[in-house]
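Shown next, in structure tokens, is the structure this report addresses.
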Amino acid sequence: MANNMRYFIGNWKMFGVPKSINILDKINTFTNFNKRFNKNYKIIITPPFTLIESFAKRFKNKSIFIGGQNCYHKDSFGSNTGSISPFMLKKIGATYVIIGHSDNRAEGDTAKMLKNKVIGSLNNNLKIVFCIGENKKEKKKKLTYKVLRNQLTKVLEKKFNYNNIIIAYEPIWSIGTGKIPKSEDLKKISKFIKKILKGIFKTKKPPKVLYGGSVDGSNIASFKSLKEIDGFLIGGASKSSKKFIDIIKNYYR
Ligand code: PGA
């Protein structure tokens, strides 16, 4: 396991003020120390737009990458009040962007908008964390696979540079609820997602697939044996350096 690259992505959502950079300082100190143990992982933090530039400056060439939590579905500049384009994100030092988080889908993001966000972000050389996931009702009706297939095939296209795309499987019923999928379900679902991705991109080496939803320092151990899961998208527990570090520590313990 030690040699497989793993992602630990912290999605801060609507959290953080300038002094919250302390949290990242502590995580950075931990990873610099931890590097000696040859662990192969990448840390990405997505603070709100207001903090991206200062965080990206501080952690330039360091072991933490900074990304946006969303972007507008038109690139460059426009007359869209309150919106931030992929071009603007890139210019302030973001290297990643989350697209399709269920919060934003719930607020009206359609497949067409998501596709435009992906295109705009790839054009600006941002790496994409594309979120997919079924809700509780869909799970109950056994529609999970159908929903995931649709979410992937309606947005992703063969011509996209899949080296810059990461998928985050986040079942909506698990986000912020303390509930996580059964290991055997997660194994099957991540295999299924990789199969769909292989088909879309016509490749044997599909994008990485992460899991997100209520990941914390105590349940992380249950994901260790799942070699299909290439990392984690962490919400609540990423707002505390201790909780975030505990996740990494306990994953490699
Ligand atoms: P959670 O959030 O870890 O607080 O469940 C995950 C997410 O929404 O990305």
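Does any residue of the stretch 193-205 turn out to be of a type in the set (A, V, I, L, M, F, W, C) and within 16 Å of the ligand (Cβ to nearest atom)? Show your work before the answer.
Going through the stretch 193-205, the residues of a type in the set (A, V, I, L, M, F, W, C) turn out to be 193, 196-197, 200-201.
This time we only want the ones that are within 16 Å of the ligand (Cβ to nearest atom), so: none.
Looking through the stretch 193-205, none of the residues is of a type in the set (A, V, I, L, M, F, W, C) and within 16 Å of the ligand (Cβ to nearest atom).
Taking L233 as the residue in question, decide whether it is crowded, with 18+ Cβ neighbours inside 10 Å and touching a residue at least 60 places away in the same chain (Cβ under 8 Å). Step through it out loud before you land on a result.
Working: crowded, with 18+ Cβ neighbours inside 10 Å: yes; touching a residue at least 60 places away in the same chain (Cβ under 8 Å): yes.
Yes: the conditions hold for L233.
Would you tally the residues in the stretch 231-243 being under 15 Å from L210 (Cβ atoms), more than 7 Å from the ligand (Cβ to nearest atom) and in a helix (DSSP H, G or I)?
Restricting attention to the stretch 231-243, the residues satisfying the condition of being under 15 Å from L210 (Cβ atoms) are 231-235, 237-238.
Filter once more, keeping what is more than 7 Å from the ligand (Cβ to nearest atom): 231-232, 238.
Checking which are in a helix (DSSP H, G or I) leaves us with 238.
Within the stretch 231-243, residues that are under 15 Å from L210 (Cβ atoms), more than 7 Å from the ligand (Cβ to nearest atom) and in a helix (DSSP H, G or I) number 1.
Residue pairs whose Cβ atoms lie under 9 Å apart, separated by 6 or more positions or on different chains, with the first residue in the stretch 32-55 and at pLDDT below 95 and the second outside any loop (DSSP other than H, G, I, E, B) and of a type in the set (S, T, N, Q), are K39/T31; Y41/T31; Y41/N34. Evaluate the stretch 83-90: report whether one residue or more is out of contact with any Gly (no Cβ under 8 Å at 6 or more places or on another chain) and in a helix (DSSP H, G or I). Within the stretch 83-90 (the criterion being out of contact with any Gly (no Cβ under 8 Å at 6 or more places or on another chain) and in a helix (DSSP H, G or I)), the answer is yes, since at least one residue qualifies.
Output the residue which, of all residues in the stretch 196-253 that are among the polar types (S, T, N, Q) and more than 13 Å from I180 (Cβ to Cβ), is nearest to the chain's Cα centre (by Cα). Quick ask: steps written out before the conclusion?
Filtering the stretch 196-253 down to residues among the polar types (S, T, N, Q) leaves 203, 214, 218-219, 222, 225, 238, 240-241, 250.
Those still in the list that are more than 13 Å from I180 (Cβ to Cβ) too: 203, 225, 238, 240-241, 250.
Details: T203: 22, S225: 20, S238: 12, S240: 18, S241: 18, N250: 20 Å.
Among those that are among the polar types (S, T, N, Q) and more than 13 Å from I180 (Cβ to Cβ), it is S238.
The requirement of being within 22 Å of G236 (Cβ to Cβ) and in a loop (DSSP other than H, G, I, E, B) is fulfilled somewhere in the stretch 65-72, by at least one residue.
Mind telling me which of the residues F59, F77 ends up being buried (at least 20 other Cβ atoms within 10 Å of the Cβ) and among the hydrophobic types (A, V, I, L, M, F, W, C)? Can you show your working first?
Working: F77 fails: buried (at least 20 other Cβ atoms within 10 Å of the Cβ).
From the options F59, F77, the qualifying one is F59.
Considering only residues of the stretch 79-110 that are under 18 Å from the mean Cα position of the chain (by Cα) and away from the ligand (no atom under 16 Å from the Cβ), which is nearest to V129 (Cα to Cα)? Checking each candidate, the answer is T95.
Counting the residues of the stretch 164-195 that are within 26 Å of N124 (Cα to Cα), surrounded by fewer than 21 Cβ atoms within 10 Å (Cβ to Cβ) and touching a residue at least 40 places away in the same chain (Cβ under 8 Å) gives 1. Within the stretch 8-24, not a single residue is away from the ligand (no atom under 16 Å from the Cβ), on the phi > 0 side of the Ramachandran plot and not basic (K, R).
Have a look at F59, F87 and point out the one that is under 18 Å from Y7 (Cβ atoms), aromatic (F, W, Y) and in contact with a helix residue (DSSP H, G or I) (Cβ under 8 Å, 6 or more places away or on another chain). First the steps, then the outcome.
Working: F87 fails: under 18 Å from Y7 (Cβ atoms).
From the options F59, F87, the qualifying one is F59.
Residues in the stretch 80-102 that are over 23 Å from T31 (Cα atoms) and surrounded by fewer than 21 Cβ atoms within 10 Å (Cβ to Cβ): N80, T81, G82, S83, I84, F87, M88, K90, K91, I92, S102.
Report yes if S214 is assigned to a helix (DSSP H, G or I) and over 23 Å from T110 (Cβ atoms), otherwise no. So that I can check it myself, show each step before the final result.
Values: assigned to a helix (DSSP H, G or I): no; over 23 Å from T110 (Cβ atoms): yes.
No.
The values are calculated or read from the model by the stated rules, or taken from the named source; none is laboratory data. In this text the structure is predicted, and so the values were computed from the model without any measurement. With ideal geometry, Cβ positions are generated from the backbone for all residues, glycine too; neighbour counts draw on all protein chains shown.
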